[in-house]
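The values are calculated or read from the model by the stated rules, or taken from the named source; none is laboratory data. Being a predicted model, the structure only gives us computed values, none of them experimental. With ideal geometry, Cβ positions are generated from the backbone for all residues, glycine too; neighbour counts draw on all protein chains shown.
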Amino acid sequence: MTVSSITILLPLLILIGGGYLVGKVYSLSEGPLVRVVTDFFMPLLVFYSFCTVRIPPDEIGRLAGAVTFVVMAILGISWLFCKMMDLKLQAIAPPLIFMNSGFLGIPVMKLWGGLAAMNLIIIYDQIQTFYIFTLGIIIVTGSFSLKGLKEMIRSPLIWAILLGFGFNIGNVQVHNSLLGAMKFCGDAAPPLATFAIGITLNRYKLSLNSAVIVGIFLRMVLGLAFGMLAASIFGFSGQGAVVVSVASGLPSAVFSVVLPLRYGVDSKFASSVLVLSTLLSLFALPFMFFTAAWVFPG
């Protein structure tokens, strides 16, 4: 499988650049847009995908295994990194563990591999979203708090995941008119999410130091490596293996900055890794696809 850099990057560059310019001119914050995307558009896209694509439960299980492997492997590396550099795990781990498999990953995979690749990354992302609102909160707060549990219960994404998964394995049929409406709304999620990344670039201040450089390496290079290892362990090949591999090497998730901010944890490191890894990914994505496709020819 080969990847055309222009085909992959041009729509992303337009959306991210547009978000950056609009955010600069109108002094916008990405917060409300992120909330709208994650609480309305993305849940509809997730539920629609579960209802229309009958991915076998065993493949969903293998995706869950792959995501869990990547998350736990990078969590272990993050813990070692913090011990060696005398850093706080609460501030360092989230941007290293959690990748932007939703806001960036979904549009990238749709451009690269069409609906089949997009549906895989949606499930990958929702499994990771579950970890963000459980493991992520535990890491940032240092414990599993009642506040974190309430946050998880209130998340429409979590309910979309659970209901969509139930409808999928139960083969529950949804009326075509309702599916059409959900598709119409859900199709807005990838471009709006990518646009929000552009706005994000205006907000966070950059600090480039050795810890940030190592953090970007751990997030993207080791993420890609662990993703390829996970794809092999859990029996993925061809397009599925490329999706798992590249998704695992994507830049830091927006929520890796949002969570520390929400719970009063210093977010300077997370902000720098988020912005710099996002900018770097625009040039690294073709290499990631090429490497994964070379390792897993389809």
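Scanning for something part of a loop (DSSP other than H, G, I, E, B) and within 30 Å of Leu87 (Cα to Cα), does the stretch 169-180 turn up at least one residue? I'd like the intermediate steps shown before the answer.
Looking only at the stretch 169-180, we keep the residues that are part of a loop (DSSP other than H, G, I, E, B), and these are 170-175.
Subset that is within 30 Å of Leu87 (Cα to Cα): none.
Among the residues of the stretch 169-180, not one is part of a loop (DSSP other than H, G, I, E, B) and within 30 Å of Leu87 (Cα to Cα), which makes the answer no.
Say we look at the stretch 88-119 and pick out the residues that are surrounded by 24 or more Cβ atoms within 10 Å (Cβ to Cβ), part of a helix (DSSP H, G or I) and of a type in the set (Gly, Ala, Ser); which of these is nearest to the chain's Cα centre (by Cα)?
The extreme case among them is Gly105.
For the stretch 31-58, enumerate the residues that are farther than 18 Å from Leu157 by Cα, in contact (Cβ under 8 Å) with a residue 24 or more places away in the chain and either in a helix (DSSP H, G or I) or hydroxyl-bearing (Ser, Thr, Tyr) (or both).
Pro57
Could you say which residue among Ile138, Ile132, Ile153, Ile122 is out of contact with any His (no Cβ under 7 Å at 6 or more places or on another chain), farther than 18 Å from Asn100 by Cα, in a helix (DSSP H, G or I) and at pLDDT 80 or above?
On the way: Ile132 fails: farther than 18 Å from Asn100 by Cα; Ile153 fails: at pLDDT 80 or above; Ile122 fails: farther than 18 Å from Asn100 by Cα.
The unique qualifying residue is Ile138.
Of all the helices (runs of 4 or more DSSP H) wholly in the stretch 206-298, which have at least 2 residues that are among the β-branched types (Val, Ile, Thr) and in contact (Cβ under 8 Å) with a residue 12 or more places away in the chain?
Numbers: elements: 210-216, 223-233, 238-248, 255-262, 268-295.
Qualifying helices (runs of 4 or more DSSP H): 210-216, 238-248, 255-262, 268-295.
Give the residue that is surrounded by the most Cβ atoms within 10 Å (Cβ to Cβ), with candidates limited to residues of the stretch 26-71 that are charged (D, E, K, R) and under 21 Å from Leu250 (Cβ atoms).
Going through the stretch 26-71, the residues charged (D, E, K, R) turn out to be 30, 35, 39, 54, 58-59, 62.
Applying the additional criterion that residues be under 21 Å from Leu250 (Cβ atoms) yields 30, 59, 62.
Numbers: Glu30: 24, Glu59: 15, Arg62: 19.
The extreme case among them is Glu30.
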